[in-house]
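Below: one structure, written as structure tokens.
The values are calculated or read from the model by the stated rules, or taken from the named source; none is laboratory data. All figures in this text were calculated on a predicted structure; none of them were measured in a lab. Cβ atoms come from the backbone with ideal geometry, glycine included; neighbour counts cover every protein chain shown.
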Amino acid sequence: MRRTWMVLTAVAVGLMLGQTASAAGSAPASVSITATVDSFAEWANASAAIVAGDWTGHVGAVDQTRTATKALTLYANVTITLTPSSTGTGILTNGTNTLSTSYKITGEVTVPDAAYKPAGTGAEEFFAAANTYTVTHVAGDGAYGINLLVQAVSPNDRAPDAGDYTCNVTLTAGW
Amino acid sequence: MRHDIVRMAVVVSGLISAAGGLALGGANWSGQPYTLAVPDHITGAGQARSGSLVMTLDHDTPCTITLSVTKAGDEVLASAGDTLATSYKLMGAALQNGGDGDWVDSSTFLTRNYSVPETGPSDGITIWVRAAASSGRANNAGTYSASVILTASW
């Protein structure tokens, strides 16, 4: 009887040791991960400036035309409508003196301007509500070059006051 | 005598059963399947967003956690050919030295192994993921997916 107990106990211990010292094993766990990118648009430089050095030259005569081009980059992952506006008139001004001011948008818009459009909100003018530009998003692109061109013309019947002429333009990207 | 043998057989059976119930010398991840959704969306170029998930490792033996993927590239958050820069961290008090102190890029993460020197019985292991959008363009809008496999070996 005693021997039988010993044998069975040994068997039991052996079985337990067998479990305890079980062979190497492994347990996998898969983790699924998601992240979301929303539709958005933003300018690489949201406060760009056209400074004196950007112009083709200073105005130094009557009826003289000067131009400047500002290359802008729009980051967008959705088709965008660009709308120009100004907190003022968009006309280059120095005190009571002005220069005839007009604009063009070129670059990666579906219909770039072929000719300058006068500053103003009237029909065919640059700040008209109907004057918008489409930037068509292409999947995998996401960066679009947009050029804002400005043209300043001095009066043809007098010399404008010397000095710096300023104005501002806002290009709003909407979708 | 016959009665004693029956009684002994019951004792042995009980011991074996107890051994199996404790799952001696093993490990298991509980609470699967695991899904980690980065809570905040990316809304601009160059933005980074992160999220984490606590996984439970039940074990009664020291083990080592290694990383792998089902197919090459699964570790990178991707959507229709576009990708987000993806980084990971594995953290937890049960990990030797607490795990990663800083973000590990996705390819390096797959080469890592993490020692779990103690015997549990139940430890929380936190996986962190960071998704970073490109800085020079807008990534495509949409849901980006990735997957990694954590294997506890003993």
Would you point out which residue out of A:Gly18, A:Gly60, A:Gly14 is surrounded by fewer than 15 Cβ atoms within 10 Å (Cβ to Cβ) and modelled with pLDDT of 95 or more?
A:Gly60
Top-ranked residue of the range A:66-90 - restricted to ones that are in a strand (DSSP E or B) and closer than 16 Å to A:Thr166 by Cα, ranked as nearest to the other protein chains (Cβ to nearest Cβ)
A:Lys70
Which of the residues belonging to the range B:30-63 are charged (D, E, K, R) and more than 8 Å from chain A (Cβ to nearest Cβ)?
B:Asp40, B:Asp58, B:Asp60
Is there any pair linking a residue in the range B:139-151 that is within 7 Å of chain A (Cβ to nearest Cβ) and crowded, with 24+ Cβ neighbours inside 10 Å to one that is among the charged types (D, E, K, R) and assigned to a strand (DSSP E or B), with Cβ under 6 Å and at least six apart or on different chains, and which?
B:Asn139/B:Asp82
Take B:Thr143 and tell me if it is of a type in the set (S, T, N, Q), part of a strand (DSSP E or B) and at pLDDT 95 or above.
yes
Using the structure shown, decide if B:Ser107 is among the polar types (S, T, N, Q), facing another protein chain (nearest Cβ under 7 Å) and not in a loop (DSSP other than H, G, I, E, B).
no
Test of understanding: among A:Asn147, A:Asn156, which residue is surrounded by 15 or more Cβ atoms within 10 Å (Cβ to Cβ) and more than 14 Å from chain B (Cβ to nearest Cβ)?
A:Asn147
Considering B:Ser115, B:Ser52, B:Ser87, which residue is crowded, with 18+ Cβ neighbours inside 10 Å, polar (S, T, N, Q), in a strand (DSSP E or B) and touching a strand residue (DSSP E or B) at 6+ places or on another chain (Cβ under 9 Å)?
B:Ser87
Unmet requirement for A:Thr101, which otherwise passes all of (1) within 14 Å of chain B (Cβ to nearest Cβ); (2) at pLDDT 95 or above:
(1)
Residue match in the range B:115-130 (condition: over 19 Å from B:Gly92 (Cβ atoms) and at the interface with another protein chain (Cβ under 7 Å from one of its Cβ atoms)):
no
In the range A:91-121, what residues are assigned to a strand (DSSP E or B) and in contact (Cβ under 8 Å) with a residue 24 or more places away in the chain?
A:Thr93, A:Asn94, A:Asn97, A:Thr98, A:Ser100, A:Thr101, A:Ser102, A:Tyr103, A:Lys104, A:Ile105, A:Thr106, A:Gly107
A:Pro112 fails exactly one of the following numbered conditions: (1) buried (at least 17 other Cβ atoms within 10 Å of the Cβ); (2) under 26 Å from A:Asn77 (Cα atoms); (3) not acidic (Asp, Glu). What is the number of that condition?
(1)
Of all the residues that make up the range B:28-49, how many are part of a strand (DSSP E or B), closer than 20 Å to B:Pro121 by Cα and not aromatic (Phe, Trp, Tyr)?
2
If you check B:Gly25 against the conditions, is it assigned to a loop (DSSP other than H, G, I, E, B), in contact with a helix residue (DSSP H, G or I) (Cβ under 9 Å, 6 or more places away or on another chain) and at the interface with another protein chain (Cβ under 8 Å from one of its Cβ atoms)?
yes
Exactly one of (1) closer than 30 Å to A:Trp43 by Cα; (2) more than 10 Å from every other protein chain (Cβ to nearest Cβ) is unmet by B:Lys71. Its number?
(1)
Only one of A:Ala49, A:Ala24, A:Ala61, A:Ala29 is in a loop (DSSP other than H, G, I, E, B), under 30 Å from B:Tyr34 (Cβ atoms) and among the small types (Gly, Ala, Ser). Can you tell me which?
A:Ala24
Going by the conditions given, is B:Thr66 touching a Lys or Arg at 6+ places or on another chain (Cβ under 8 Å), more than 8 Å from every other protein chain (Cβ to nearest Cβ) and more than 17 Å from A:Ile33 (Cβ to Cβ)?
yes
